[in-house]
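Structure, as structure tokens:
The values are calculated or read from the model by the stated rules, or taken from the named source; none is laboratory data. Nothing here was measured: the structure is a model prediction, and the numbers come from that model. Reconstructed Cβ throughout: ideal geometry from the backbone, glycine too, with neighbour counts over all protein chains shown. Each accessible area value is taken on the protein alone, full model and side chains, heavy atoms only, with ligands, DNA and RNA left out. Shrake-Rupley method; radii C 1.70, N 1.55, O 1.52, S 1.80 Å.
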Amino acid sequence: MASNFVHRPVMMAEVLAALRPQAGSRVADGTIGGAGHAAAILAASSPSGWLYGCDRDGAAVEAARERLAQYAGRYEIRQGNFAELAKWVPPGSCDGVLLDLGVSSPQLDEPERGFSFQQDGPLDMRMDRRQAGTAAELVNSASAEELATLFWELAGEQDSRRLARAIARERKQRRFETTRQLAELIERVSPRRGRKAHPATKVFQALRLAVNEEISSLESGLAGALRILKRGGRLAVLTFHSVEDRIVKDFGRERARDYTFTGGVDVPELREPRAPELKLVTRKAIQPSAAEVAENPRSRSAQLRVFEKLRTVIGE
């Protein structure tokens, strides 16, 4: 039975140029989705390239296996978090690692997944449906202070406190169960007033990040990607909002420095020379082309950062 999980990969040409797959390459795709990037990587690395793939979403894993059937014997796919890649992919074995962060189009477009306020559905937002906690449970149980902190730190929502207090008041009368119920409350409390983005956009982003523990997963996943890369291997990361991009940028810059701080502050006299672990392949993030954005508007916020591993770290 054909899967209906169809995801259009973003910045395909740029990702392939960054990872440089060829015959014999071994690449890990930590967010395989519908296998758009993965299929292109396997095609470019024919006839002997190998791909490790994983995704938290069971539907994505099923779709990837269907999509890659023609490459049978050249990949291993598991359902799981890319934060755990280094637990099953051999250290120092990969020529490339790809992390395509954020939520996929099939997840956004299926109301029953609860990721979007565009259509009514259960307030779920779990990427891995095997996990217990949903967005509804978080919204109905976290304190107003905790919600405000999430909204501000994970999405930069300026109305975070007011929205959190409104949610706390509303749930005393009725539990939050659906995406529309939450979105309508937010719009009442913080009207659009000419703003292009829906006022619930940042709250939904923050809830999704919190429910799926995406920030801690990203931090662990980046460190794991570095471990499974061989010397000269490349890490390509696609981000879709500033919180993720800042973490990826800081990760790369910290490991690309040829010095470390010995006093906790950036003072030249307190710098100690060291060998960098990574090279920044591009100083600035790569943006999608105007043509791609016109064809696929959801790509407009994408940013691609690329790093190259320079040395093996002790303990790998």
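Brief remarks follow.
- Each stretch of four or more DSSP H residues adds -39500 (n - 2.57); spread over every residue of the chain, this sum gives -11500 deg cm²/dmol at 222 nm.
- For the range 125-135, putting each phi into the Karplus relation 6.51 cos²θ - 1.76 cosθ + 1.60 with θ = phi - 60° gives couplings of 6, 7, 6, 10, 5, 7, 6, 8, x, 10, 5 Hz, in residue order, rounded to whole numbers and with x for Gly and Pro.
- Taking amide H positions as modeled 1.01 Å from N, with prolines and chain starts lacking one, the residues under 5 Å from G53 and 5 or more places away or on another chain are D29, E76, I77, R78.
- Taking all Cα-Cα distances within the range 89-245, those exceeding 28 Å account for 26%.
- Database remark: amide H of R26 closer than 5 angstrom to the amide H of W50, D95, G96 (H placed geometrically; neighbours at sequence offset of 5 or more, or on other chains; Pro and chain starts carry no H).
- Amide H contacts of E110 (H built 1.01 Å from N, under 5 Å, at least 5 apart or other chain): none
- Cα coordinate range in the range 96-161, projected on the principal axes (Å, largest first): 38, 32, 24
- Between R171 and A197, the modelled labels are 2.3 nm apart [label points 7 Å from Cα along Cα→Cβ].
- Sites R74 and D128 - FRET efficiency at Förster radius 22 Å, r taken between beta-carbons, to 0.05: 0.30
- Difference of contour (0.36 nm per residue) and Cα-Cα distance, E295 to R180: 38.6 nm
- With contacts taken as Cα pairs under 8 Å at a separation of at least 6 residues, the chain carries a relative contact order of 18 percent.
- Here the 3J(HN,Hα) profile of the range 289-294, calculated from phi with Karplus coefficients 6.51, -1.76 and 1.60 at θ = phi - 60°, is 5, 4, 5, 5, 4, 5 Hz, Gly and Pro shown as x.
- For the chain, the Kirkwood estimate of the hydrodynamic radius, built from every pair of different alpha carbons, is 20.8 Å.
- Per residue, the chain exposes 48 Å² of solvent-accessible protein surface, assessed with a 1.4 angstrom probe and all protein chains in place.
- Rounded percent of accessible protein surface that carbon and sulfur make up, the chain, 1.4 Å probe: 48 percent
- Full-stretch length increase - S46, Q119 - with 0.36 nm per residue and alpha-carbon distance subtracted: 22.1 nm
- Computed packing ranks the peptides 27-40, 75-88 as 27-40, 75-88, most packed first, by mean other Cβ atoms within 10 Å.
- Cα-based reach from K279 at 23 Å (exclusive), listing lysines while leaving out same-chain residues under 8 positions away: K230, K249, K309
- Helix 58-67 axis, angle to the chain major axis (alpha carbon atoms, nearest 10°): 40 degrees
- When the P(r) is computed for the range 181-238, the part past 17 Å accounts for 58% of the Cα-Cα pairs.
- Taken over the alpha carbons of the range 4-84 as equal point scatterers, the Debye sum produces base-10 log I(q)/I(0) values at 0.22, 0.24 Å⁻¹ of -0.99, -1.17.
- Nitroxide proxy distance, nm - points 7 Å out along Cα→Cβ at E84 and R188: 4.1 nm
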